[in-house]
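Notes follow the structure.
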Amino acid sequence: MAFALNTYPITYRAKFSAGKWDGEFLEKPHKTPEEEAAMSDDDRAKLEISRNCYEDMPLVNYTSQYGLACFEGLKALPQKKGGLAIFRPDKNAERFARSMEGLRMPPFPKELFLTACLETVKRNAAFGFYPPYKSDWEKDSFMTADSIYIRPFTISESGIGVNLSKEPYVMVINTPVSAYFSGGSSDAVVTDKIRATPNGTGWIKASSNYVISALAKSDALKAGYMECVFLDAVHRKYIEEGSSCNIFFYLKSGELVTPELNDTILPGITRASIIELARDRGVKVSERKIPIEEALEETKECFVSGTAAGATPITSLTYQEKKAVFNDGKVGDLTSDIRDTIKGIQYGILPDTKGWMTQVV
Ligand SMILES: *Cc1c(COP(=O)(O)O)cnc(C)c1O
């Protein structure tokens, strides 16, 4: 599976207590990567469970009971010149602190976030846990490339009554990941479900937002689509985003549009990067409201964006039984250009002129 949990042995845990953060790196049970690869599936599954268990952590808490948590997702990518580099970790650090503040938790300091992300990757790599760069990936624009997914997240302290978390934990784990969307269908469908409401938590990378996303995505997959697209909660008319990714429409007029940020849209770092790259190319980019009818009728190319998705083409969008096919069902020029540029910068085959990459090892 493309996005399976197979955590690397070094993890990080911090706890907020008595007004300050205290962090530590933990070495979970492991063998060498080669020995682990040679294990039976059952034995490897047992090892994985032991890595995913923390016996000294509370089971009953505001996260497990009420979904009070937020998280981040970023990648460390094998570099053509060697080593591993992380894409824009400072932006994830800032968003994580904003998310925690949005949930009224003490924010995790940016410097600690960066140290935890970089050091877990570095320490795991020292044990041999990292995907090596393969020049074969260049042939298909890194569609099949491997990377390390870094997942920072919060867990609350013990508690049972509905409440906010005053003394949360912050954990950081690393797990290897390959392509998020496995080829095949890249058809999307507009869902009836509502991901986020005004004055809610849609702008926060909150775990609870994903319950509705998972329901809608499962309906979409069952109906043969790759992705679902949400409309706004009030008018049921304006495009918002995908299940876990932002969305772009390249219109026949030559304008690239993406929904404007408000409290129901997650401010994606890939989204911001793509806006910058497209403007560099002289493409007119607008962040504005996009009525579903305009998206269906005026779109030349469509793609979704996110750390996991990169820039993934959407070749059709279905709304109330009406299916709009974009660019004759083929990946468009702007979409493939943006996708290749992002991947090229991330894997180090294009120059990092914007200083987006942080070399780790
Ligand atoms: C994480 C996320 C995105 C993409 O954000 P990136 O920073 O680009 O990875 C988009 N939408 C939602 C709902 C998300 O949770």
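Once backbone amide H atoms are built at 1.01 Å from N, residue 350 has 345 as its partners under 5 Å, excluding neighbours fewer than 5 places away on the same chain.
Estimated from helices alone, the mean residue ellipticity of the chain at 222 nm is -8500 deg cm²/dmol (sum of -39500 (n - 2.57) over DSSP H runs with n ≥ 4, per residue). For residue 28, the aspartates and glutamates whose Cα comes closer than 20 Å to its Cα, not counting residues fewer than 8 places off in the same chain, are 36, 41, 42, 43, 48, 55, 56, 119.
Between the Cα long axis of helix 209-222 and the first principal axis of the chain there is an angle of about 60°, rounded to the nearest 10.
The H on the amide N of residue 61, modeled in the peptide plane, is under 5 Å from the matching H of 159, each at least 5 residues off or on a different chain.
Here the Gaussian network model covers the chain, with springs between Cα atoms less than 10 Å apart; of 229, 170, 325, 325 fluctuates the most.
Cα centroids of the stretch 69-113 and the stretch 118-143: 18 Å apart.
Across the stretch 10-177, the relative contact order, built from alpha-carbon pairs under 8 Å that are at least six residues apart, equals 33 percent.
Take the Kirkwood radius over Cα pairs of the chain, plug it into Stokes-Einstein at 20 °C and 1.002 mPa s, and you get 100 µm²/s for translational diffusion.
Take the Cβ atoms of residue 279 and residue 337, set R0 to 22 Å, and the FRET efficiency comes out at 0.95. Which whole-number percent gives the relative contact order of the chain, counting Cα pairs below 8 Å spaced six or more residues apart? Taking the mean separation of contacting Cα pairs over the length of the chain, I get 19 percent.
Relative to the longest principal axis of the Cα atoms of the chain, helix 269-280 runs at roughly 40 degrees. Please find, in a Gaussian network model of the chain (springs between Cα atoms separated by less than 10 Å), the residue of 116, 69, 272 whose mean-square fluctuation is greatest. Fluctuation is largest for 272. Straight-line cross-link reach from residue 330 at under 25 Å between alpha-carbon atoms covers these lysines, not counting any fewer than eight positions away in the same chain: 139, 217, 222, 252, 284, 300, 322, 343. What angle do you read, to the nearest 10 degrees and between 0 and 90, between the alpha-carbon axis of helix 41-51 and the longest principal axis of the chain? Tilt relative to the chain: about 80 degrees. Taking the Cα centre of the stretch 10-177 as reference, the dipole from Cβ charges on Lys and Arg (+1) and Asp and Glu (-1) amounts to some 620 debye. Rounded to the nearest 20, the size of the Cβ-charge dipole of the stretch 197-285 about its Cα centre is 160 debye, with Lys and Arg at +1 and Asp and Glu at -1.
Here the stretch 187-346 is assigned +1 on the Cβ of each Lys and Arg and -1 on the Cβ of each Asp and Glu. Its dipole about the Cα centre then comes out at about 240 debye. Each residue of the stretch 161-169 is assigned a 3J(HN,Hα), and the resulting list reads x, 4, 6, 8, 9, 9, 10, x, 8 Hz, derived from the Karplus form 6.51 cos²θ - 1.76 cosθ + 1.60 (θ = phi - 60°), x at Gly and Pro.
Across 171, 226, 39, mean-square fluctuation computed from a Gaussian network of the chain (C-alpha pairs under 10 Å connected) peaks at 39. Scalar couplings 3J(HN,Hα) for the stretch 236-246, obtained by applying the Karplus form with A = 6.51, B = -1.76, C = 1.60 to θ = phi - 60°, are 6, 9, 9, 5, 10, 6, x, 5, 8, 8, 7 Hz; x denotes Gly and Pro. Pick out, from 202, 246, 278, the residue whose Cα sits farthest towards the positive end of the charge dipole of the stretch 187-346, with +1 on the Cβ of Lys and Arg and -1 on the Cβ of Asp and Glu. The residue sitting farthest along the positive end of the dipole is 202.
Summarise the accessible area of the chain (1.4 Å probe, protein heavy atoms) by the percent that is carbon and sulfur. Before the final figure, lay out the partial values.
Details: 8520 of 16060 Å².
Carbon plus sulfur share of accessible area: 53 percent.
If you take every DSSP beta bridge fully contained in the chain, what fraction is antiparallel? Give it as a percent rounded to 5. Of those bridges, close to 85 percent are antiparallel. Taking GluC sites (Glu not before Pro) across the stretch 41-96, the ones in a DSSP loop with at most 16 further Cβ atoms lying within 10 angstrom of their Cβ are 55.
Could you state the orientation-averaged shadow area of the convex hull built on the Cα atoms of the stretch 187-346, in nm² to one decimal? Before the final figure, lay out the partial values.
Working: hull surface 34.2 nm².
With every direction weighted equally, the projected area is 8.6 nm².
Annotation: average projected area of the stretch 49-208 is 12.3 square nanometres, based on the convex hull of Cα atoms across all directions. For residue 225, nonlocal amide neighbours, meaning residues 5 or more places apart or on other chains whose placed amide H falls under 5 Å from its own, do not occur. Sequence-ordered 3J(HN,Hα) estimates for the stretch 344-361 from the Karplus curve with 6.51, -1.76 and 1.60 and θ = phi - 60° stand at x, 5, 5, 9, x, 9, 10, x, 8, 5, 9, x, 7, 9, 10, 6, 9, 9 Hz, glycine and proline given as x.
Overall dimensions of the stretch 136-252, expressed as equivalent-ellipsoid semi-axes from the Cα gyration tensor (√(5λ), whole Å, largest first), are 28, 24, 13.
Each of 100, 84, 69 was placed along the dipole of the chain (beta-carbon charges, centred on the mean Cα), and the one lying farthest toward the positive end is 100. Where the centroid of each part is defined by its Cα atoms, how far is the stretch 216-270 from the stretch 291-344 in Å? Centre-to-centre (Cα) distance: 11 Å.
The values are calculated or read from the model by the stated rules, or taken from the named source; none is laboratory data. Fair warning: this is a prediction, and the values are worked out from it, not measured in the lab. Glycine gets a Cβ as well: all are built from the backbone with ideal geometry, and neighbour counts include every protein chain shown. We work out accessible area using only protein heavy atoms, side chains counted, and drop any ligands, DNA or RNA first. Shrake-Rupley method; radii C 1.70, N 1.55, O 1.52, S 1.80 Å.
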